[in-house]
Amino acid sequence: MRVEGQDVGDLTTAVRRFVREVLVPAEPAVEENDAIPAAIVEQLRSFGLFGMTIPEAYGGLGLCMLAEARVAFEIGYAAPAFRSYFGTSNGVGTLGILLDGTDEQKRRYLPRIAKGAIMAAFCLTEPDAGSDAAAITTRARRDGDDYVISGTKRFVTNAPQAGLFTVFARTADKDAGIAGISTFLVDRERAGIEIGPLDRKMGFRGSQSADVRFDECRVPAATLLGGKEGVGFKTAMRCLDHARIHMAAISVGLCTRLIDEGVRHALGRKQFGRAIAQFQLIQAMLADSEAECFAARAMVEAAARAKDQGEPVTKQAACCKYFATEAAGRIADRVLQLHGGYGYLKDFPIERLYRDVRLLRLYEGTSQIQQLVIARELLAEKAR
Ligand code: COS
């Protein structure tokens, strides 16, 4: 399959087989142990998935957005914890370096991230700054040739495993607004970094997150992303534009999986003397789900194509993330419903997927933030 100049057919076929033969069967063990088995991490590495977004010159796969989305449709079919492992690292953890890093910063980190030798984590959210990302209070105080970082970051995916933290911090006080936010590339080995206890989540078992606390953590000035203060907020927003298309693609993969689970159950379960798939109220649930999944897929492909053509995609990315994640929620609910009482038992994957899917509407911007972004961009377009 050729994706606008990139042939990712072999990769998507191989990933599809791997997802069905290895990842899906491993889901119950991941749920039980709250960890991805080392052998699977090794296989993810061998597919090059830790370097999906990273250019080939730095050892990555260098996928364009559309190719990345096509791979994400496949990976998203399995429990989302698998994706979190590599997708957060070469997603939000790394995109800042790709977008705004100096050549030296790219050379220093990208080859190791692409190989999966280190993982990168995104440190934006704080205890009192979630949706209001501009309200962060983590400080980076200049001290001679160094900066000294202090503050707490919350919900940091892969915090326990990360070797690099992309940290957003204030280099000027609150009055400076977003012009006072800068980005730092902080190695795990620096003194003054403490990882909190693992978050106890409703779902997503296997994907670990925790607070990361920086206590007078001294870093050289060369760790300032792009060597430039005051542009961190825009770096974060541009990372999120990309990540929101990626998350929407993952949601499409999950919608496909949920529908397959629903169809399997509807064909196998007999009531009133026939398979429940023959009842029109069940068919309506499946039909609505299939139509929404198809719409979400088409939106993701259109937004990814626009991004690859260099168009601004903030609005499209928010539309995709909003629609695809909300659709995944509705589909999970319908599929659980058509399972009847069995949907409430841990014996069927839908119980776990239903919990997993709930996070999609919260992270990388809640649905309400996507609505605000869509409206902001729409109104600005109309005003121009
Ligand atoms: N790309 C480039 N620049 C962007 C941008 C984007 N996607 N989004 C905003 N900006 C720029 C704006 O153009 C504006 O620049 P100027 O001051 O030069 O005009 C600046 O950033 C501030 O934008 P805005 O006024 O819209 O910022 P707000 O503080 O009102 O917040 C929201 C914007 C709410 C959209 C932002 O804080 C957000 O996305 N919050 C959710 C955070 C999130 O997703 N967290 C999850 C973390 S990952 S798990």
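Does segment 283-303 include one or more residues that are more than 16 Å from the ligand (Cβ to nearest atom), assigned to a helix (DSSP H, G or I), polar (S, T, N, Q) and within 18 Å of Ser251 (Cβ to Cβ)? Yes, the conditions are met somewhere in segment 283-303. Test Ala284 against the stated conditions and say whether it is among the aliphatic types (A, V, I, L, M) and closer than 14 Å to Ile331 by Cα. When the stated conditions are applied, Ala284 passes them.
A quick yes/no check of all residues on (1) without any contact (Cβ under 8 Å) to a residue 24 or more places away in the chain; (2) over 22 Å from the mean Cα position of the chain (by Cα); (3) outside the structural domain of Ile181 (by TED's automatic domain parsing):
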position: Ser251; (1), (2), (3): no, no, yes
position: Val263; (1), (2), (3): yes, yes, yes
position: Leu281; (1), (2), (3): yes, yes, yes
position: Ser289; (1), (2), (3): no, yes, yes
position: Ala296; (1), (2), (3): no, no, yes
position: Glu301; (1), (2), (3): no, no, yes
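With the structure loaded, tell me whether Thr256 is closer than 25 Å to Gly343 by Cα and β-branched (Val, Ile, Thr) or whether it fails that test. So Thr256 fits the description; yes. Here is a list: Glu292, Glu301. Which entry is closer than 18 Å to Thr53 by Cβ and acidic (Asp, Glu)? From the options Glu292, Glu301, the qualifying one is Glu301. Of all the residues in segment 219-250, those that are within 15 Å of the ligand (Cβ to nearest atom) and among the polar types (S, T, N, Q) number 1. Can you find, within segment 145-168, the residue that is nearest to the chain's Cα centre (by Cα) among those that are within 23 Å of Gly116 (Cα to Cα) and assigned to a loop (DSSP other than H, G, I, E, B)? Here the residue is Asn158. List the helices (runs of 4 or more DSSP H) that sit entirely inside segment 1-98 and contain at least 1 residues that are surrounded by fewer than 24 Cβ atoms within 10 Å (Cβ to Cβ) and β-branched (Val, Ile, Thr). By residue number, 9-18, 24-33, 38-46. Within the set Met299, Met285, the sole residue that is farther than 17 Å from Gly341 by Cα, open to solvent by less than 80 Å² (accessible area, probe 1.4 Å) and modelled with pLDDT of 95 or more turns out to be Met299. State which residue is farthest from the ligand (Cβ to nearest atom) when the search covers only segment 169-217 and only residues that are loosely packed, with under 14 Cβ neighbours inside 10 Å and in a strand (DSSP E or B). Residue satisfying both the conditions and the ranking: Glu216.
Any residue in segment 150-161 that's under 16 Å from Glu364 (Cβ atoms): show its pairings with residues that are open to solvent by 50 Å² or more (accessible area, probe 1.4 Å) at Cβ separation under 8 Å, as long as the two are six or more apart or on different chains. Listed pairs, sorted by first residue: Lys153/Arg213; Arg154/Pro127. Would you confirm, using the coordinates I've provided, whether Ala222 is in the same structural domain as Thr125 (by TED's automatic domain parsing), part of a helix (DSSP H, G or I), at negative phi and of a type in the set (Gly, Ala, Ser)? The answer is yes for Ala222. Counting residues in segment 258-273 that are aromatic (Phe, Trp, Tyr), outside any helix (DSSP H, G or I) and in contact with a strand residue (DSSP E or B) (Cβ under 9 Å, 6 or more places away or on another chain) gives zero.
Across segment 306-334, what is the total count of residues that are of a type in the set (S, T, N, Q) and either open to solvent by 60 Å² or more (accessible area, probe 1.4 Å) or free of Cβ contacts under 8 Å to residues at least 40 places away in the same chain (or both)?
Counting residues in segment 306-334 that are of a type in the set (S, T, N, Q) and either open to solvent by 60 Å² or more (accessible area, probe 1.4 Å) or free of Cβ contacts under 8 Å to residues at least 40 places away in the same chain (or both) gives 2.
Determine the pairs where a residue that is on the phi > 0 side of the Ramachandran plot, located within segment 229-243, has a partner that is open to solvent by 20 Å² or more (accessible area, probe 1.4 Å) with Cβ atoms under 9 Å apart, the partner being 6 or more residues away or on another chain. Pairs that qualify, where the first residue is on the phi > 0 side of the Ramachandran plot and the partner is open to solvent by 20 Å² or more (accessible area, probe 1.4 Å), are Gly230/Thr171; Gly230/Ala172; Gly230/Ala176; Gly230/Ile178; Gly230/Ala179. Restricting Phe323, Phe348 to residues that are of a type in the set (Phe, Trp, Tyr), within 24 Å of Ser84 (Cα to Cα) and under 17 Å from the mean Cα position of the chain (by Cα) narrows the list to Phe323.
Go through the residues of segment 366-376 one by one and say whether even a single one is surrounded by 21 or more Cβ atoms within 10 Å (Cβ to Cβ) and closer than 23 Å to Met237 by Cα.
Taking every residue of segment 366-376 in turn, at least one turns out to be surrounded by 21 or more Cβ atoms within 10 Å (Cβ to Cβ) and closer than 23 Å to Met237 by Cα.
Taking the criterion of being farther than 15 Å from Tyr85 by Cβ and hydrophobic (A, V, I, L, M, F, W, C), the residues of segment 178-209 that qualify are Ile178, Ala179, Ile181, Phe184, Leu185, Val186, Ala191, Ile193, Ile195, Met202. Screening Lys115, Lys153 for residues that are buried (at least 23 other Cβ atoms within 10 Å of the Cβ), under 29 Å from Val41 (Cβ atoms) and of a type outside the set (A, V, I, L, M, F, W, C) leaves exactly one candidate, Lys153.
The values are calculated or read from the model by the stated rules, or taken from the named source; none is laboratory data. What you are looking at is a predicted structure, and each value in this text was computed from that prediction instead of being measured. Counting neighbours? That spans all protein chains shown, and the Cβs are built from the backbone with ideal geometry, glycine included. When the accessible area is computed, the model is the full protein with side chains, heavy atoms only, and any ligands, DNA or RNA have been set aside. Shrake-Rupley method; radii C 1.70, N 1.55, O 1.52, S 1.80 Å.
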